[in-house]
Each structure stands twice: as C-alpha cells, then as structure tokens.
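Read the figures in this text as sums done on the coordinates, not as results from a lab. Computed from a prediction, not measured in an experiment: that's the story for all the values here. So basically every Cβ, Gly included, is an ideal-geometry build from the backbone, and we count neighbours across all protein chains shown.
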Amino acid sequence: MMKSFARFLGVFFALGIAGCSQQPAAPDTASSSEVGEAIGTPAVAASASPEGSPQWAADRLLEISNQSYQRLAGAKSQELPFESVREEVRLFMTDRFIDEEQLEQYYKGGVDPTRLYLFHYDPGALLARTAIQERTESRIVVKTMWFANDLNSGYYEISTLVKRGGGWLLDEKRREEMPEGGFGLTISEATVYMKNSPEVEPPAKSVRYVGTKNLEGFAGVYGQFYEFDCDGSAYYFSPVDGYVVSESGRVARMQSY
C-alpha cells in the first residue's frame, strides 16, 4: 500500500509549485473575509516569497508533506525501524505532531490506511487560497482548504508551524468545518486550482473559463459549477466546496449521488 501510494505522490506533487510560473486569470476579490491575508494567484517563484507570507507558508506545507511521505515510503520499502524514520521526519515536524498524529502506529500498520492523509496538502488548493491567521517570530498559523471529493466534504485545515533551530516545523493540524454557503470560491481562484489540480489528467497547459452552469444530478446550491476548457477537455468546478468533475467522468460520478 505504501509503495503504490508513494508512486501516486510522485505524480501528485509534481503538480505543486511547478505550476507557479503560469499566468493567473483576471483578478477577483476573494470572498472569505475571515481568513485575513491570502493568496489568490500563484507566485512567480518560491524564493521571491518572504518568510511568513501566505505563499511561503503554502510552499513550506507542500515541502513538509512531500518530503515526509518520501522518507516514510523509502524507509518502509527498506523495512527500517520507525526509530530511524523518526529522526528523518523530525526535520519537518515536531515530536508532538508525530505522537498526536499516531505516525508510529500508522508506520507499523496499526492504523487504517486512510491515515495516509494525516498531513496531506493539495497544491492546487494551497495556491488558490492560503491565509495567515497568526504570525509571530516563532509561530505561524495557516488556514488552507480541503476540497470535496467522492468520499469527503470540503473543510478548512488549520496548520501550525513553529520555528525550531532555525527551521519551521509542522506542530499541529486541525479541521474546521466549511462555513454555511461554502467557500465562495472566485473564478480566478478556481482557475488557479484547475491549472494545478491533480484532478486534471494530464496536467493542462492551458485553462480557459467557459461559463457557469447548473449540472443535473447535483442539488441546490451545490448544483452550480464553473466550466473550464482544459486543453480541449471539459471540467466543472464547484465554487461552493471545490468539487471537480470531468466531462468524461460525469456519468460515473453522478451515479454515486
């Protein structure tokens, strides 16, 4: 299970910060006022982002997620004891995070495989909207989004980074329910996501907003979708919860509703 998921991650995270060089859509005003300072378009390069900025935080969370998974997968394939793995992942997370998220139990096979997502971040969602809730010299609280899929509803993730030994480590992650009425994602945020989304296969070189429509089979406010042309393939993105459905997969997905 770990090896196959690691192969998936190699493809998944290739969509991350590499997408930052693409041109953003025309600017919209993000509708979420409670999250404070936020990014709504990709930055040109991670090195241009000052420490503590929303783009810097997004880059750091992706790095933590990516590097930690790679080390866990590599150690698992070599059947190394968790004690040796712990020293490696401590480059990216605190002992408190490791213990509270039951990383050792997961590594030894004592936790359900869905724990693979225990510190997972979606690069497209991070680039679409990341906000700093709290920032001091030694602590940064970051608010990001988890978009809905066939198994999960949309929600916010609140991640805490702490500075230890000159580096920033993941110390805590908690879930906050999506507000009533949804995320209220703008067209430009949706465009950023589609340019960096793991839902688009293969990754699109060009993304064009086509219009907004209601899709049959999705109820009420959840039925409204932004339509995009991604290199000739149609994709629909929900501004409410971030759910993505492709033209080719619509029938199969809708049968599950």
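Points worth noting:
- About the Cα centre, charge dipole magnitude for region 199-254 (Lys/Arg +1, Asp/Glu -1 at Cβ), debye: 60
- Cα-derived Rg to Rh of region 147-225, Kirkwood definition: 1.07
- Along the axis of the charge dipole computed for region 108-224 (Cβ charges of +1 for Lys and Arg, -1 for Asp and Glu, origin at the Cα centre), the listed residues P179, Y121, A190 are led at the positive end by Y121.
- Charged side chains reduced to their Cβ positions (Lys and Arg at +1, Asp and Glu at -1) give region 149-257 a dipole of some 300 debye around its Cα centre.
- Separation of the K205 and E88 label points, Cα + 7 Å toward Cβ, nm: 3.6
- Applying 1/(1 + (r/R0)^6) with R0 = 30 Å to the Cβ-Cβ distance of R135 and S248 gives a FRET efficiency near 0.10.
- Relative contact order for region 199-254: 27 percent, from Cα pairs under 8 Å spaced at least 6 residues apart, divided by residue count.
- For the cross-link pairs K76/K173; K108/K195; K163/K195; K143/K195; K163/K205, the ones whose C-alpha atoms lie over 28 Å apart are K108/K195; K163/K195; K163/K205.
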